[in-house]
1. Quick check on region 64-72. Is at least one of its residues over 22 Å from the mean Cα position of the chain (by Cα) and open to solvent by less than 40 Å² (accessible area, probe 1.4 Å)?
2. Contact list please: Cβ distance under 7 Å, first residue in region 384-397 and free of Cβ contacts under 8 Å to residues at least 60 places away in the same chain, second residue surrounded by 12 or more Cβ atoms within 10 Å (Cβ to Cβ) and among the hydrophobic types (A, V, I, L, M, F, W, C), pairs at least six apart or on different chains.
3. From Val82, Val32, which residue is β-branched (Val, Ile, Thr), part of a helix (DSSP H, G or I) and touching a Phe, Trp or Tyr at 6+ places or on another chain (Cβ under 7 Å)?
4. Could you count how many residues in region 97-119 are small (Gly, Ala, Ser) and outside any loop (DSSP other than H, G, I, E, B)?
5. Do any residues in region 134-154 that are without any contact (Cβ under 8 Å) to a residue 60 or more places away in the chain have Cβ atoms under 6 Å from those of residues that are assigned to a loop (DSSP other than H, G, I, E, B) and open to solvent by 10 Å² or more (accessible area, probe 1.4 Å), where the two are at least six apart or on different chains, and which pairs are they?
6. Is it the case, given these coordinates, that Cys68 is under 29 Å from Thr337 (Cβ atoms), touching a helix residue (DSSP H, G or I) at 6+ places or on another chain (Cβ under 9 Å), modelled with pLDDT of 95 or more and assigned by the TED database to the domain that holds Gln187?
7. State all residues of region 54-63 that are crowded, with 16+ Cβ neighbours inside 10 Å and either in a loop (DSSP other than H, G, I, E, B) or outside the structural domain of Asn117 (by the TED database) (or both); if no residue qualifies, say none.
8. Give all pairs with beta carbons closer than 9 Å in which a residue from region 41-70 that is touching a residue at least 60 places away in the same chain (Cβ under 8 Å) meets a residue that is of a type in the set (Ser, Thr, Tyr) and assigned to a loop (DSSP other than H, G, I, E, B); count only pairs at least 6 apart in sequence or on separate chains.
Amino acid sequence: MADAFEEEGEPTVSIHEYLNEVEEQELEADLVLGGDEGKECTYEKGYMKRQAIFSCLTCTPDGNAGVCTACSLSCHDGHEVVELWTKRNFRCDCGNSKFGVFFCKLFPNKDPENSENSYNHNFKGAYCTCGRPYPDPDANEQVEMIQCCICEDWFHENHIALDSNETSEEIPRDEEGEPLYEDFICQACAVICSFLTLYPPSFWAQARQSDSTVNTNKEGNTLGNMSSGKIEDETSSQSIEKGSAIPPVSGSLSGQKDLFLGEASDENRIVHQCAQNTDLSPKCIIGIDLRGPEVALEKNKPMFLSKNWRDLLCRCVTCKEFYIQKGIGYLIDREDTIMEYEKIAKQKREEKLQQQEGVDLNFLNKLGHAEKMEVLSGIADMKNELRSFLESFDSSKPVTSADVHQVFENLAKKRRRLP
């Protein structure tokens with residue numbers, strides 16, 4: 001009976017496992033917040049290329065405003081706040097005309113409105129074509145969601161192709177269920193981005209890993225664990241046929257269709273030329289003026305793009321003008337990508353940790369010899385007391401607050417006995 005009781009008890013973790021878990025949670029938070037410590041309002045930085053944004057439904061129930069990390073903590077503590085992960089080209093709204101008599105505590109002198117900000121139903125706490133909240137209080141289990149890199153809305157996997165004849169769209173994943181795509185473009189935004197179907201098959205994420213040449217990137221954006229774009233999901237994976245994530249090219253492409261769908265050597269040459277394309281190279285990789293009469297292309301299918309697909313986009317003058325005309329000029333800006341956002345966050349985190357280590361060393365170096373020895377002696381006493389406690393403690397019992405108090409009382413008694 002005793003053994004059965006122990007098996008039903010709460011699982012135990014080691015100090016090392018606990019510290020690792022805390023460190024992972026801190027890293028995840030830093031990645032989501034872009035390394036922002038939440039101490040200053042970001043308004044003065046203008047329309048930031050990407051930052052973490054929150055919506056306060058207590059102050060703006062219509063979902064027509066967003067606030068930065070610092071304002072969500074300082075100005076909207078205790079309010080109903082919706083975490084929106086990151087938004088591009090956004091400036092903090094906290095305390096402007098949309099908030100009525102409410103003023104920002106950190107930076108009250110703001111313009112009445114930020115005209116360049118964009119808002120969608122996410123700011124009301126609604127997501128996907130179904131308009132449900134996340135987490136959904138009425139759902140038995142939370143279904144995985146994927147973010148569109150264009151409109152930045154989030155979609156349930158089973159609603160990705162809601163308006164098509166298919167029940168669901170095939171999602172490129174490896175055998176372990178991890179995404180093989182870097183970015184996702186929803187069905188509505190696929191209309192604007194239909195020109196992407198002019199690019200070669202290597203541009204698209206493969207549905208199944210068939211050999212070493214298939215992209216195995218696992219940075220696809222999914223709602224949940226936002227730092228890596230992965231959320232735990234209980235739903236079963238759906239069967240996927242190889243290569244089905246590649247939208248077909250249709251219509252006349254003035255001879256370019258054969259160029260892009262030719263032999264592998266031709267494909268590699270095109271990709272290489274595209275990757276090397278710069279502002280100094282006027283030659284258009286796709287060979288079509290996208291600003292002219294519209295070419296008949298497949299437009300109604302969601303898209304799953306392979307790793308580094310943005311680097312392969314044509315950067316000739318006409319294509320760049322087309323991107324700006326369609327409002328998607330950010331696609332050729334590396335700083336717009338989640339990957340770059342998280343890279344910068346990691347760098348900030350490393351710098352912060354190094355600064356903390358430097359502060360500790362400077363503190364010791366400023367102390368006199370006697371004071372330094374006192375601090376080091378106290379650290380040694382703490383280590384010895386903890387080691388003694390752990391060696392004598394019954395591992396089958398939980399550690400209580402009384403045990404912790406006893407450790408510090410023992411330390412205090414030892415310090416009092418010192419001459």
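1. Within region 64-72, not a single residue is over 22 Å from the mean Cα position of the chain (by Cα) and open to solvent by less than 40 Å² (accessible area, probe 1.4 Å).
2. Glu385/Val407; Glu385/Leu411; Leu386/Val407; Phe389/Val407
3. Just one listed residue meets the conditions, Val32.
4. Matching residues across region 97-119 total 1.
5. Correct list of pairs: Pro135/Gln142; Asp153/Asn120.
6. It is false that Cys68 is under 29 Å from Thr337 (Cβ atoms), touching a helix residue (DSSP H, G or I) at 6+ places or on another chain (Cβ under 9 Å), modelled with pLDDT of 95 or more and assigned by the TED database to the domain that holds Gln187.
7. Correct list: Leu57, Cys59, Thr60, Gly63.
8. These pairs meet every condition: Arg50/Thr337; Ser55/Tyr119; Gly63/Tyr119.
The values are calculated or read from the model by the stated rules, or taken from the named source; none is laboratory data. As the structure is a computational prediction, the values presented were derived from the model and not from experiment. FYI the Cβ positions are ideal-geometry reconstructions off the backbone, even for glycines, and counts take in every protein chain you see. Heavy atoms of the whole protein, side chains included, go into the accessibility calculation; ligands, DNA and RNA do not. Shrake-Rupley method; radii C 1.70, N 1.55, O 1.52, S 1.80 Å.
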